[in-house]
Amino acid sequence: VQLQASGGGLVQPGGSLRLSCVTPGSIFSASYITWHRQAPGKQRELVAGITGGLNTNYADSVKDRFTISRDNVKSTVYLQMNRRKPEDTAVYYCKAQPIGTTTQYWGQGTLVTVSS
């Protein structure tokens, strides 16, 4: 099972970007799907998550700037990132974990750079 993350790129501080994570339909509806990021020299951290019931959670550092959502028809989870800061620069990964299991499926990562 492979998730496909996309949408990364270069954005200026204060700008916006939207990441997409396409998840196989066989696991999408029953999974808690999360976005994580890893900056150079730092540990991977949780950015945001969304359940099948549309409950969401966010890291304090991105609250009020990032929005996670899911499209059940396209089996895709989005991360809308607004008011970007240089410290948001990282490789962003999506992960799916079927509810009630410890199995985790990761995407390949997409690089986001915030710089003027």
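Numerical summary
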{"read-out": "Residue check for Leu46: outside any loop (DSSP other than H, G, I, E, B), touching a Ser or Thr at 6+ places or on another chain (Cβ under 9 Å) and open to solvent by 40 Å² or more (accessible area, probe 1.4 Å)", "value": "yes"}
{"read-out": "Hits in the stretch 49-63 (condition: within 21 Å of Lys85 (Cβ to Cβ), of a type outside the set (Gly, Ala, Ser) and surrounded by 10 or more Cβ atoms within 10 Å (Cβ to Cβ))", "value": "Thr56, Asn57, Tyr58, Val62, Lys63"}
{"read-out": "Selection count, the stretch 19-38, where residues are surrounded by 14 or more Cβ atoms within 10 Å (Cβ to Cβ) and not in a strand (DSSP E or B)", "value": "5"}
{"read-out": "Residue in the stretch 1-10 that is least open to solvent (accessible area, probe 1.4 Å), counting only those that are outside any loop (DSSP other than H, G, I, E, B) and over 19 Å from Ala59 (Cβ atoms)", "value": "Leu3"}
{"read-out": "Pairs with Cβ under 7 Å, 6+ apart, first in the stretch 79-99 and among the small types (Gly, Ala, Ser), second open to solvent by less than 50 Å² (accessible area, probe 1.4 Å) and assigned to a loop (DSSP other than H, G, I, E, B)", "value": "Ala90/Ala39; Ala96/Thr23"}
{"read-out": "Verdict on Ser16 being open to solvent by 20 Å² or more (accessible area, probe 1.4 Å), farther than 18 Å from Gly109 by Cβ, among the small types (Gly, Ala, Ser) and without any contact (Cβ under 8 Å) to a residue 40 or more places away in the chain", "value": "no"}
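The values are calculated or read from the model by the stated rules, or taken from the named source; none is laboratory data. Since the model is a prediction, treat every value here as computed from it, not as a measurement. Glycine also receives a Cβ, built like all others from the backbone with ideal geometry; neighbour counts cover every protein chain displayed. Heads up: the accessible areas ignore ligands, DNA and RNA and are worked out on the full protein's heavy atoms, side chains in. Shrake-Rupley method; radii C 1.70, N 1.55, O 1.52, S 1.80 Å.
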